[in-house]
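Chemist: Below: one structure in structure tokens.
The values are calculated or read from the model by the stated rules, or taken from the named source; none is laboratory data. Bear in mind that the values here come from a model prediction, so they are computed numbers and not experimental data. Methodologically, a virtual Cβ is constructed for each residue, glycine included, from the backbone with ideal geometry; neighbour enumeration extends over all protein chains shown. Protein only, heavy atoms only, side chains kept; ligands, DNA and RNA dropped before computing areas. Shrake-Rupley method; radii C 1.70, N 1.55, O 1.52, S 1.80 Å.
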Amino acid sequence: MKAFIEKADGEFRNVNGYVAWQGLTDRGCEVEFFEAAQVDDLALTPRTPVVAGIPVVHRALRRLGCEPPALEPIPHEIQAYAGRGFGISTLGEARGKFADECGPLFIKPPAGQSKIFNGHVIAAFRDLIATSHLPDEQMVWWSQAVEFRAEFRGFVHRGELIGFRHYYGDFRLPVDFGKVEKALSDWTNKPIGCSMDWGVTKEGRTLLVEVNEGHSLGCYGLASHLYAPLLIDRWLEMTAAD
């Protein structure tokens, strides 16, 4: 198998590309590097995985006639595990919720528009500055802000939890893995490769933060021999490769 890995100015864009390269080469894959501007020149096929940032992967998929997936941050099957209100609305509506003193809100762009602005919490008027250049009609995903004392990424491949990595807060806080496994079972329509991010609140509750696509997933220290197969299988699933 041949795979393409994005670089920036001749260097790995981040640790994700390096770990993917390790895992792919260990599996005997031929790896070709490219810069983002070269994506239209690649000899792509449904069976040549592209390891890159979200916009580049989406462009590569469209070159093959495949519509990029749009994964809900919290799929309807597992909404109960979020433990807070959330939804899709216009930015104007989200601004209105904050103005109505409903409490701090976390907002982020909807699926497929990740580069419009960085997700952040609106807890004070100054927090509106980051999106002040965007019109009220811009769609956003919002959720009630929760004070998480720790956050973790659960890596999911072929329906199984293959790794669980701490990325924020106190790594010593206990996670309710019974809840994690139950949510994984209830999420029946999940991609072959993806993640479920979990947080532990100050009250000790384990809540679902969000889920993430597998094709441009940050590795967060996951071993290369686990990370590369997840990326490969998600690419093959998205391109419907035989």
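Chemist: For the subset of segment 144-161 comprising residues that are touching a Leu at 6+ places or on another chain (Cβ under 7 Å) and crowded, with 17+ Cβ neighbours inside 10 Å, which member is nearest to A82 (Cα to Cα)?
Modeler: Top of the filtered list is V146.
Chemist: If you take the residues in segment 43-65 that are out of contact with any Gly (no Cβ under 7 Å at 6 or more places or on another chain), of a type in the set (A, V, I, L, M, F, W, C) and buried (at least 16 other Cβ atoms within 10 Å of the Cβ), which one is farthest from A183 (Cα to Cα)?
Modeler: Looking at the filtered set, the residue picked out is L44.
Chemist: Just checking, which of F4, F33 is of a type in the set (F, W, Y) and within 19 Å of A240 (Cα to Cα)?
Modeler: F4
Chemist: Here's something else I'd like to know. Contact list please: Cβ distance under 7 Å, first residue in segment 7-20 and farther than 16 Å from V39 by Cα and in a helix (DSSP H, G or I), second residue polar (S, T, N, Q) and modelled with pLDDT of 95 or more, pairs at least six apart or on different chains.
Modeler: V19/S224
Chemist: Which number in (1) without any contact (Cβ under 8 Å) to a residue 24 or more places away in the chain; (2) open to solvent by less than 60 Å² (accessible area, probe 1.4 Å); (3) among the small types (G, A, S); (4) at positive phi marks the one condition that G96 misses?
Modeler: Checking G96 against (1) without any contact (Cβ under 8 Å) to a residue 24 or more places away in the chain; (2) open to solvent by less than 60 Å² (accessible area, probe 1.4 Å); (3) among the small types (G, A, S); (4) at positive phi, the one that fails is (4).
Chemist: A follow-up question, please. Out of segment 214-237, which residues are crowded, with 16+ Cβ neighbours inside 10 Å and either over 15 Å from the mean Cα position of the chain (by Cα) or part of a strand (DSSP E or B) (or both)?
Modeler: Hits for segment 214-237 are S224, A228, P229, I232, D233, L236.
Chemist: Does A123 qualify as being of a type in the set (G, A, S) and in contact with a helix residue (DSSP H, G or I) (Cβ under 9 Å, 6 or more places away or on another chain)?
Modeler: Yes, satisfied.
Chemist: If the requirement is being open to solvent by 50 Å² or more (accessible area, probe 1.4 Å), at negative phi, more than 18 Å from the chain's Cα centre (by Cα) and at pLDDT 85 or above, which of these qualifies: F106, F125, F177?
Modeler: Residue meeting the stated conditions: F177.
Chemist: Right, next: Inspect segment 23-30 for any residue being over 20 Å from the mean Cα position of the chain (by Cα), assigned to a helix (DSSP H, G or I), surrounded by fewer than 15 Cβ atoms within 10 Å (Cβ to Cβ) and modelled with pLDDT under 95 and give the result as yes or no.
Modeler: So far as segment 23-30 goes, no, none of its residues is over 20 Å from the mean Cα position of the chain (by Cα), assigned to a helix (DSSP H, G or I), surrounded by fewer than 15 Cβ atoms within 10 Å (Cβ to Cβ) and modelled with pLDDT under 95.
Chemist: Only residues that are more than 13 Å from L208 (Cα to Cα) and of a type outside the set (K, R): list them for segment 163-177, please.
Modeler: G163, F164, H166, Y167, Y168, G169, D170, F171, L173, P174 - these are the residues of segment 163-177 that are more than 13 Å from L208 (Cα to Cα) and of a type outside the set (K, R).
Chemist: Only residues in segment 22-43 that are over 16 Å from L231 (Cα atoms) count as the first member; pair them with residues that are among the polar types (S, T, N, Q) and open to solvent by 20 Å² or more (accessible area, probe 1.4 Å), Cβ under 6 angstrom, at least 6 apart or cross-chain, and list the lot.
Modeler: Every condition considered, no pair remains.
Chemist: Next up: Please indicate, with yes or no, whether at least one residue in segment 204-213 is more than 18 Å from the chain's Cα centre (by Cα) and open to solvent by 10 Å² or more (accessible area, probe 1.4 Å).
Modeler: Within segment 204-213, one or more residues are more than 18 Å from the chain's Cα centre (by Cα) and open to solvent by 10 Å² or more (accessible area, probe 1.4 Å).
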